[in-house]
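Worksheet: one structure, shown below.
The values are calculated or read from the model by the stated rules, or taken from the named source; none is laboratory data. Being a predicted model, the structure only gives us computed values, none of them experimental. Positions of Cβ are backbone-derived with ideal geometry, glycine not excepted, and every protein chain shown enters the neighbour counts. In case anyone asks, the SASA skips ligands and DNA or RNA and just uses the protein heavy atoms, side chains included. Shrake-Rupley method; radii C 1.70, N 1.55, O 1.52, S 1.80 Å.
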Amino acid sequence: MIRNGQEMNISVTSNYLDSLETRGFIDLPYVFPSIVSSVSIGNPAYEAGVRAGDKFIASDSVEINYWIQLTEIIKSSEGPINFVIQRGDSIFEAQITPENQLIGIAAPTDLATIGGERVKLGFFASVADGWDQTMEQTSGIIGGFARMISGDISIKQNLGGPIRIATITKEATEQSGWFGFWTITALLSITLAIMNILPIPALDGGHLVFLIYEGIVRREPSEKFKIVAQNVGFFVLLSLMVFVIFNDIINVF
């Protein structure tokens, strides 16, 4: 990480990925300030005088700095909430009563709000950056598999199936729109590519092993061996599929 222009290394425990399942990671709602981007007409916030650009700075003497704090206060309320709101250089108070744990405000959507900047790359720069990111994600995925096999992180918490994929895709799309959707799609594509080259007979990686064997010994494996290996491969894949789907169901309920 970078702090005050200096690069710093932070050591984390081997089960750090497991802890993210329960504590969550830093995403946009955690870093966005409590500034309203838009207010729905007729909703509690609008009726209380809140407008786009206003910043919620306190609630019943509790300081508010980030959007996630504001949403948690609204969701946990059981009645009217007394807010302190900043508009430009002026500050005013407003009492708002949520309806179905909502008050009709939207989170900031501009990266400039948090000091960010979206950079547009040219074709060749995009290809180079895409390659770097693909290699980085590939390294991370392979490292994750290795840690699951060694027991450093939980297989149950970090291996998911179609239900979990759908859930993560939905969350990413809701938070970041099409950018989040295509980011998850790219990660899934990389993961499937890695899975496909594993040395399991039913996958392309298994066929590659057969080709390497044939190249070394100068003859093909016997048909009987191929059939047995394919059956074993299908059994492994079927078992893995059943496990991840069952694991998804357990995590949901």
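Could you put 72, 93 in order of accessible surface area, largest first, with the 1.4 Å probe and the full protein assembly present?
On the way: 72 105, 93 155 Å².
Per-residue accessible area, sorted high to low, gives 93, 72.
To the nearest Å, what is the center-to-center distance of the range 65-107 and the range 113-169, using C-alpha atoms only?
Distance between centres, Cα-based: 34 Å.
Throw me the Rg/Rh for the range 147-234, computed over C-alpha atoms with Kirkwood Rh, two decimals. Let's see the in-between values first.
Numbers: Rg = 18.1 Å, Rh = 15.8 Å.
The Rg/Rh ratio comes out at 1.15.
Work out the FRET efficiency for residue 189 and residue 78 from their Cβ-Cβ distance, taking R0 = 45 Å, and round it to the nearest 0.05.
Approximately 0.50, to the nearest 0.05.
Over the range 150-230, average the accessible area per residue using a 1.4 Å probe and give it in Å², no decimals. Spell out each step's value before the answer.
Working: 5480 Å² over 81 residues.
With the other protein chains kept in place, the range 150-230 gives 68 Å² per residue.
Using only the Cα atoms, work out Rg/Rh for the chain, with Rh taken as the Kirkwood radius, to two decimals. Write down the numbers at each step before the final one.
Numbers: Rg = 25.2 Å, Rh = 22.8 Å.
Here Rg/Rh amounts to 1.10.
Carbon and sulfur together cover what percent of the accessible area of the range 117-212 at a 1.4 Å probe radius? Mind dumping the intermediate values first?
Working: 4530 of 6660 Å².
Answer for the range 117-212 is 68 percent, counting heavy atoms of protein chains only.
Could you calculate the FRET efficiency of residue 212 with residue 136 from 1/(1 + (r/R0)^6), where r is the beta carbon distance between them and R0 is 35 Å, rounded to 0.05?
On the way: r = 28 Å, r/R0 = 0.80.
My answer for the efficiency is 0.80.
Would you work out the relative contact order for the chain, in percent, from Cα pairs under 8 angstrom that are 6 or more residues apart?
Working: 265 pairs, mean separation 38.6, N = 253.
Across the chain, relative contact order equals 15 percent.
Compute for the range 72-184: radius of gyration divided by Kirkwood radius, i.e. Rg/Rh, restricted to C-alpha atoms, rounded to two decimals.
Values: Rg = 21.1 Å, Rh = 19.0 Å.
With Rh from the inverse mean 1/r over Cα pairs, Rg/Rh is 1.11.
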